[in-house]
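Right, one structure below, let's go through it.
The values are calculated or read from the model by the stated rules, or taken from the named source; none is laboratory data. As the structure is a computational prediction, the values presented were derived from the model and not from experiment. Here the Cβ is made from the backbone with ideal geometry for all residues, glycine too, and neighbour counts use every protein chain on show.
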């Protein structure tokens with residue numbers, strides 16, 4: 001077997017694997033839609049502390065009541081929240097009321113919120 005043929009036997013499979021890997025990386029980098037059902041909010045308290053949220057009313061199109069829900073430490077809670085197509089804020093806090101952050105929500109989609117970090121130094125992420 002010539003050197004050229006041996007090199008081709010090695011390079012062809014390596015190139016194919018590299019191209020498949022690049023494709024997988026580019027596909028994985030695309031933004032994903034939330035897996036939460038439209039009109040639902042999921043709160044997961046993953047930081048070892050209780051977490052809660054308050055959905056602020058918009059006062060428009062029937063959404064006039066405030067929604068409050070909480071999740072005990074290391075658990076998840078689901079709550080249907082209908083904003084009647086209006087954008088509104090969800091305020092996140094620890095169980096003792098310490099502010100964590102704010103996210104925008106519209107019931108035309110769903111949102112998942114996960115708290116992290118530790119009590120006194122909380123963080124969150126959404127999906």
query = Among the residues of the stretch 72-100, which ones are within 17 Å of the chain's Cα centre (by Cα) and at positive phi?
reply = 74
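One line per residue, one yes/no per condition, for (1) loosely packed, with under 14 Cβ neighbours inside 10 Å; (2) at pLDDT below 90:
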residue	(1), (2)
63	no, yes
73	no, no
76	no, no
88	no, no
96	yes, no
101	no, no
104	yes, no
110	no, no
116	no, no
